[in-house]
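Engineer: Pasting in a structure now, in structure tokens, and then I'll have a few things to ask.
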There are 2 protein chains.
Amino acid sequence: MQKEFTIGQAAETSGVKVTTIRYYESVGLMPEPRRVESGRRVYGQASVDLLGFIRHARDLGFTVEAIRDLIDLQENPGTDCAKADELARHHLVETQKRIEQLRVLESELMRMIDGCAGGKVGSCEIVTSLFDHSKCLSDHKSKALKEQ
Amino acid sequence: MQKEFTIGQAAETSGVKVTTIRYYESVGLMPEPRRVESGRRVYGQASVDLLGFIRHARDLGFTVEAIRDLIDLQENPGTDCAKADELARHHLVETQKRIEQLRVLESELMRMIDGCAGGKVGSCEIVTSLFDHSKCLSDHKSKALKEQ
DNA sequence: CTTGCTTCTACAGTCGCTGTAGAAATTAGA
DNA sequence: TCTAATTTCTACAGCGACTGTAGAAGCAAG
């Protein structure tokens, strides 16, 4: 007995919002589901599992594009997994870069906050350091940061 | 002798792209500049400094909204800097949360990659773990992640 | 039978830009 | 001085990954 789900139940079960499910369908991440006579979508267990997969991958920060690739792979279990490996490695590198950038920001923010003695803005490190550093620090740094 | 800049020179000097400068003007982050007869924008040193300020703050991950507040503060050096402190602290907390999330992702990605023996997708950890974990791990985790 | 929830479609809005088109102004080179 | 290349102008569309809106229709419970 195949369990069936309305879009709301699929959303509840998978943790992907109703509107987001429809969005995934519209961009081709989810296949078009069967409809009941009135036009409402009906999902099976496989679709709900797929939604869980998508959600987990999104939580991991994979783009919709990358997830499309992962789904393709998953649908052809015979192909070799070099592509999946590449996707994951690429994503790991990006994640590590991002962590590194955020760490720089973290320490700069901490420095700014420490420097704020609670007086007037005119002498506030938080404001003035943004101005001062905008002249010297920016260059090499923002190059790195611009890569997102 | 006040130096004057075309939008292109202001862009070059501040590191903010021409189109982005116009965008900042359109959203009210930059004041409307003086124009020459033909309608082209002319900037003074103060505007270029402000662009540098904005860029640095954006590099630090402050939203345009937060930067608007910071500019207001900076223009009233007499007010006390509790607001700047609050903005910076709030932003620090967000940054630290984000680092923590990314670290979780990093370790999961590393685990996935380690588990990939280079065989076929059917037995590839990278793909299967996305499916398996989508059922159990998701809940408490994505709550945290959804906060961005 | 009514009330209130869910679902439907289609489209606009979010954020922080980036890119496009087509016109006018300016600059650099021959 | 003429021409060609570059810069600037405005106005608007597009990006990613959704979220929210409006208005209509379906459906379940009291």
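No value in this document is a laboratory result; all are computed from the given coordinates. Predicted, not measured: the structure shown is a model, and the values here were computed from it. Every residue, glycine among them, receives a Cβ derived from its backbone with ideal geometry; neighbour counts consider all protein chains shown.
Engineer: In nm, one decimal, shortest first: how far is the label point of B:Gly44 (7 Å from Cα along Cα to beta carbon) from the matching points in the other copies?
Structural biologist: So the distances to the same position in the other copies read 7.2 nm.
Engineer: What's the magnitude of the charge dipole for chain B around its Cα centre, counting Lys and Arg as +1 and Asp and Glu as -1 at the beta-carbon? Answer in Debye, nearest 20.
Structural biologist: In total the dipole reaches around 420 debye.
Engineer: Let me ask another. Which chain B residue hugs the B-A rotation axis most tightly by its Cβ, and what is that distance in angstrom, to the nearest whole number?
Structural biologist: Nearest residue, distance rounded to whole Å: B:Ile99, 3.
Engineer: Further, regarding this structure: Using a 7 Å offset from Cα along Cα-Cβ at B:Ser123, what residues in segment A:79-93 end up with backbone N under 14 Å from the label point?
Structural biologist: Those under the cut-off are A:79-81.
Engineer: Among the lysines in chain B, how many pairs, 8 or more places apart or on different chains, have alpha carbons under 15 Å apart? Please list the in-between numbers first.
Structural biologist: Details: B:Lys97/B:Lys141; B:Lys97/B:Lys143; B:Lys97/B:Lys146; B:Lys135/B:Lys143.
Here the count comes out as 4.
Engineer: Taking the Cβ-Cβ separation of B:Glu65 and A:Gln96 as r and a Förster radius of 22 Å, what is the calculated FRET efficiency to the nearest 0.05?
Structural biologist: Values: r = 29 Å, r/R0 = 1.32.
E(calc), rounded to 0.05, equals 0.15.
Engineer: Just to confirm my numbers, what's the Cα centroid distance between segment A:22-88 and segment B:2-20 in Å?
Structural biologist: 45
Engineer: At A:Met110, with labels set 7 Å past Cα in the Cβ direction, how many nm apart are the copies from this one, shortest first?
Structural biologist: 2.0
Engineer: Next question. Put a dot 7 Å past each Cα toward the Cβ at B:Thr19 and A:Arg89; how far apart are the dots in nm?
Structural biologist: 3.3
Engineer: Please give the FRET efficiency for A:Arg40 paired with A:Thr79, using the beta carbon to beta carbon distance and R0 = 35 Å, rounded to the nearest 0.05. Mind showing how you got there, number by number?
Structural biologist: Numbers: r = 36 Å, r/R0 = 1.02.
That pair, A:Arg40 with A:Thr79, gives E of 0.45.
Engineer: Something else about it: Is chain B rounded, prolate or oblate when judged by the Cα gyration tensor, a ≥ b ≥ c being the square roots of its eigenvalues, rounded requiring a/c under 1.5 and prolate requiring a/b larger than b/c?
Structural biologist: On the way: a/c = 3.91, a/b = 2.16, b/c = 1.81.
Verdict is prolate for chain B.
Engineer: Just want to confirm a number: the relative contact order over chain B, from Cα pairs under 8 angstrom separated by 6+ residues, in percent. Intermediate results must be reported in sequence, preceding the final value.
Structural biologist: Details: 88 pairs, mean separation 22.6, N = 148.
Value for chain B: 15 percent.
Engineer: Taking a label point 7 Å from Cα toward Cβ, how far is A:Pro33 from its twins in the other copies, in nm, shortest first?
Structural biologist: Once sorted, the set of distances for A:Pro33 reads 5.3 nm.
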